[in-house]
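See structure below.
What follows draws every value from the coordinates through simple rules; no lab data is involved. Note that this is a predicted model, so its numbers are computed, not measured. Methodologically, a virtual Cβ is constructed for each residue, glycine included, from the backbone with ideal geometry; neighbour enumeration extends over all protein chains shown.
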Amino acid sequence: MELAEDWLVESLRLYQDFHAFDLSGATRVLEWIGEKGVFVAGFGSSKKNEILHLILPLRLSVKENQGLFPERDFKVCHGGFSDRSVFDLKHVPDTRLLVTSGLPGHYLQVWQTGEDNDVIEAVRTIDVQDREESLWPRVSVFSSAAPGILHGTRLSGLRTVDIESQKITYSSGRLGLVDTRQKWAPLETLRPSPGSSGERWCADVRNQGQGPGPCIASLGSDGQLRLLDFRNLCHPVSSAQCPVSKPSPDPELLRVTWAPGLDNCLAISGFDGTVQIYDVTSWDGKESQVEPLFTHKGHIFLEGNEVDAAPLVTTHTWHPCKPRTLLSAASDASLHVWDWVDLQASS
């Protein structure tokens, strides 16, 4: 209890803003719609799972601190129910459509938010050709004259489907990696990195225009963080060991994300009840342990949880426009939005 009290006192200088919200069930989905809205969805297996469109607290929508606001909580804008677990959700840009994936994984579901009501309703399903009982297709969407969905359970089964016609516009078989600076010689299977046997990995690609340097960050289930260049994915540019107490208890929840509004900053989660933020420019390039620039511990202490029994962070995401604002969700159905203070820059 003393640790929680100490954190509450310390949080007054650690955060510019901090808002907490309790969902009806835990989510592993945080999908932005504009700068003020976010979609969440439950992933429980024994009940109907809510899909919600939430509006962020009004205080986070203004550019300057203007004191107190009458609405300091999240607001539910639209809602619906899914009869299966939602592991992935993507909003189709410039539309009212959503695409979800989960278990059972033999189809994708397309949803539409109401224009004159607050309902999120299912409008169609899209068949998935790769059917594996314990796996579900990962989903990405892109906007064009005819919006499409890229999905696949494995790389060899990637397909692009037109949302309206449901026609397959692209399908892949064997994939290769080609360096256009050299004679054409595709490398079909990358060599596993030393010491990676049995580990699970996730990765994120930095947006173009965010400065020079490696553009891929990969995170291992043992807490190893590596920066890679597209031109040589077998040999990291630099690597570091994050201070995690134990390997991830659920590697499917591992997450590493580049900060869209900060140079060379990224966040990781999926090991415990925290979200850790790192400045990769402070690394020396060796495989030594590095300390985070900031650690969000709100999911541990805000509800009076003991450290040993703390919930697991299920996902996090950066605000698309506010540089130091993140959203994070945990297995206890808590949802936090927080604006952290860079104490090193302010000291």
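Bridging of K36 to aspartates and glutamates at a Cα separation below 16 Å is possible for D17, E64, E71, D73, D94, D339, once same-chain residues fewer than 8 apart are set aside. Peptides 266-274, 52-60, ordered by how many other C-beta atoms sit within 10 Å of their residues on average, highest first, read 266-274, 52-60.
Here K47, K322 are placed in order of increasing Cβ neighbour count within 10 Å, fewest first, which gives K47, K322.
Sorting the segments 218-228, 248-258 by their residues' average number of neighbouring beta-carbon atoms within 10 angstrom, most packed first, yields 218-228, 248-258.
Fewest-first ordering of V123, V40 by other beta carbons within 10 Å of each residue's beta carbon gives V123, V40.
Here the Karplus curve 6.51 cos²θ - 1.76 cosθ + 1.60, taken at θ = phi - 60°, turns the phi angles of region 233-246 into couplings of 7, 7, 10, x, 5, 7, 8, 8, 9, 7, x, 9, 6, 7 Hz, with x standing for Gly and Pro. Going from the fewest other Cβ atoms within 10 Å to the most, the residues H106, H235, H336, H296 appear in the order H235, H106, H336, H296.
Any of K90/K167; K246/K322; K47/K246 with alpha carbons more than 23 Å apart? Name them for me.
Distance filter (> 23 Å) returns K246/K322; K47/K246.
One decimal place: the segment S144-L8 gains 44.3 nm when fully extended, by the rule 0.36 nm per residue minus the C-alpha distance.
When DSSP beta bridges are restricted to pairs lying wholly in region 68-158, around 95% turn out antiparallel.
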